Amino acid sequence: MGQCLCCDEKDGELPSLSVPQPETASLPSPLQSNISVDRDRSFPSHVIPASEASHLRRMLPHIDSLVLQTLAVIGNLVENDQETPPSMLRLQALSNKGHGWLLVLHSMVNVIPINEPLGPAVITLVLDDCALPAKDSITKVPRMFWLSAKASKRGRSDPNRHRNICIALGCIAEKLAGPTSVALLTDSTLDYLIANLDPSNHPPVVLFSLIALEKFAQTSENKIALNKRFHQETQHPLLVLEKWKSTDDYMKRQVGFCSEWCLDNLFVSEGRSFTYERTDTSAINVMLNSQDVSEYLKIAANGLEARCDASSFESVRCTYQADAGIWYYEALIVTPGIMQIGWATKSSKFLNYEGYGIGDDEFSIAYDGCRNLIWYEAESIPHTLQQWKPGDILGCLLNIDREEVIFSLNGVALGSNSQLFKSAKSGFFAAASFMSFQQCEFNFGSKPFHFAPRGVAVSAFNDHALLTAEQKIILPRSKKLEQLRLTNIHEDSCSLCCDAPAVITLLPCRHQGYCSGCARQLESCPLCRSSIQERAVLGS
């Protein structure tokens, strides 16, 4: 653990810091290159009392260094129970004192580079781990960054800073949904974010402005205000931006995906049909399973592309199960950050809030091309392939007969891995987990593979599976809720999925009301929180 900074401090004062050396200096991270600090950004003296300004101004270089150290080591955090980096602990301690939270926020906005794959995730992680700021600090944020429509136009020369501002706004809106989120969405904040949606703006700024608006809309009062504002525009800006979904520019493609999702789920535009109503899925026989997914993952209407914008680790399995033979699928990498993509059985658990996903138990294995790791049973081993980037193709081969998994990147394959078969011999699904702001597209064989394995006859899910027209529909959330209201749920249905029969008793607490599928996903009883030691079938 890092040294505690609070022991000798007077209440309400910020500590004087010496700048520690990164603990990973002997183990360079691929994320450490091209990191530099821009010292030209002004100190936010207009929101800091004059009596504190001199002391706090001297601290900014220290805080900048702590932010960059956190960015440098975050890619080396490969275990969920690993100790928090000392630099991150210091940032947390700073944020708890006086105006420290504002200074940490100011520093992250100014120094995190736009070209670092984990930059957005670091902003989210730091703000998520910091103590909740006082409402007074929140109301100072729009003034600290001079948010306005004019600021958006001036910011075109500094996309790095304005992208980071939007990431921070979205993170705060998500973490503090409710009255505090309403207080942050001032007229100037709203003007700034809407102005950022101009198609001539830098795509990263457009993307994270859109995501910030989505996070603000999690509070109903904000959602009403946002829809009212969009309807006042001459043309709904998202109608223009959703056309970017089919572009070859991977940053614009993310904007298009998020615009389409928001138009379907949050900011409905009169006269626009839902995406699922105009998506041709006739050639698609396998999809990402919208009934077998953690709660905040976004799945495209064609069922093949997925994205996470939540501050949790979201997971999904596909709709087809492989029990024998040799199988292969590909994933197009849209974002270069942390995703764990591979194979899983139904016994693999999705613990999104605890950071556990595919490759984090004995029933799944995953490839991580950001940190260059192979994951199995929450332990990782490094691999030798290059760090993935947008446009790369990950190949995932499963040979059940020979009990081996082979991953490849752009046709370059790793050696075989048999760890998955220690605990499972059949019942395998294509599966993936996504960290914040990550996206990829799957090809289960509905179109030709880019790098089909040579010298081996592989099967594609799409050639063997079959989905009904109804099963191919990925409904917007509002439609799902409407459908649930109209659904007649049987008394003996599972209390979690409201579908399969409730046949399981949890032991030792003996609480009932769960189907076998949902019970497998539980670590503790939803009613009493006691640990589950056994799942007994009723009547057995």
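The values are calculated or read from the model by the stated rules, or taken from the named source; none is laboratory data. Keep in mind the model is a prediction, meaning the values are calculated, not measured. Positions of Cβ are backbone-derived with ideal geometry, glycine not excepted, and every protein chain shown enters the neighbour counts. To get the accessible areas, we keep the full protein, side chains included, count just its heavy atoms, and leave off ligands, DNA and RNA. Shrake-Rupley method; radii C 1.70, N 1.55, O 1.52, S 1.80 Å.
Couple of notes before you dig in:
- Region 275-362 - accessible surface per residue (Å², probe 1.4 Å): 29 Å²
- Links that overshoot a 32 Å alpha carbon limit, given the list 389/479; 228/252; 140/243: 389/479; 140/243
- Largest-first ellipsoid semi-axes for region 487-539, taking √(5λ) over the Cα gyration tensor eigenvalues, angstrom: 19, 11, 9
- Estimated FRET transfer efficiency (residue 154, residue 377; beta-carbon r; R0 56 Å; 0.05): 0.65
- Pairs of Cα atoms farther than 30 Å apart, region 288-476, %: 9 percent
- Rounded to 10°, Cα long-axis angle of helix 220-232 versus longest principal axis of the chain: 80 degrees
- Using the Stokes-Einstein relation with a Kirkwood hydrodynamic radius computed over Cα pairs, the translational diffusion coefficient of region 383-489 at 25 °C and a viscosity of 0.890 mPa s comes to 143 µm²/s.
- Efficiency of FRET from Cβ geometry, residue 129 and residue 347, R₀ 25 Å, rounded to 0.05: 0.20
- Cβ crowding within 10 Å averaged over residues, with 184-194, 281-291, 381-391 ranked highest first: 184-194, 281-291, 381-391
- Our compactness index for the chain, the C-alpha radius of gyration over the empirical 2.2 N^0.38 Å, is 1.00.
- Expressed as a whole percent, the accessible surface of region 130-172 that belongs to carbon and sulfur atoms is 59, based on a 1.4 Å probe.
- Trypsin sites (Lys or Arg not before Pro) restricted to region 416-488 and DSSP loop, no more than 13 other C-beta within 10 Å: 425, 454
- Relative to the longest principal axis of the Cα atoms of the chain, the long axis of helix 477-486 makes an angle of roughly 50 degrees.
- Whole-number Å³ per residue for the convex hull built on Cα positions in region 77-236: 114 Å³
- Treating r as the C-beta distance of residue 220 and residue 481 and R0 as 22 Å, the FRET efficiency rounds to 0.95.
- Maximal additional length on extending the residue 52-residue 500 stretch stands at 155.2 nm, based on 0.36 nm per residue less the C-alpha distance.
- Note on residue 492 and residue 232: their simple-model spin labels are 5.7 nm apart, each label 7 Å out from Cα toward Cβ.
- The mean accessible area for residues of region 114-231, using a 1.4 Å probe and ignoring ligands and nucleic acids, is 36 Å² per residue.
- With respect to the chain, whose longest principal axis is taken over its alpha-carbon atoms, helix 86-95 is tilted by about 60°.
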